[in-house]
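For reference, the structure discussed in these notes is given below.
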Amino acid sequence: MEELPIIQKTYDLILWYIPLLNKLPRSHKFILGDKIAVNLYNLLENLVRARFSRDKTLILKQLNSELDILRYQTRLLLDFDLICTRRYEFASQKLNDIGSDLGGWLKQQQRIKD
């Protein structure tokens, strides 16, 4: 079975992000770092669930807000000087790519329902 691009992009983002989060200072690793990691894993899990769900729309709509939370959490890493601008830009671009795919998938599902 061929992997959906959005799932592969999320998987790749996790592979890039988790080692970075593991290097955070202790004061942020177990609060912000853990929250980001949990949210990334939840995003991946729910994308897989949506893939096999009969009614994908509800799951996809919820993922929009989860993705936005990840954007803010990533920005916090930058604002706390925990990542450099280059890494922030990379993560932001990947999150935006996932968001674009998510929006396209949601629109497709809404057209199917109509």
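Points to keep in mind about this one:
- Looking across the range 44-68 at every residue that is surrounded by 12 or more Cβ atoms within 10 Å (Cβ to Cβ) and of a type in the set (D, E), the one that is nearest to L4 (Cα to Cα) is identified as E66.
Let's see how each residue does on (1) under 22 Å from K107 (Cα atoms); (2) not polar (S, T, N, Q):
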| position | (1), (2) |
| --- | --- |
| K9 | yes, yes |
| D12 | no, yes |
| P19 | no, yes |
| G33 | no, yes |
| L43 | yes, yes |
| N64 | yes, no |
| Y72 | no, yes |
| D79 | no, yes |
| E89 | no, yes |
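- Residues of the range 61-88 that are within 17 Å of S100 (Cβ to Cβ) and more than 12 Å from the chain's Cα centre (by Cα): K61 alone.
Quick note: the coordinates plus some simple rules give every number you see, no bench work behind them. The model shown is predicted, which means the values in this text are computed figures rather than measured ones. Note that each Cβ is placed from the backbone with ideal geometry, even for glycine, and that neighbours are counted across all protein chains shown.
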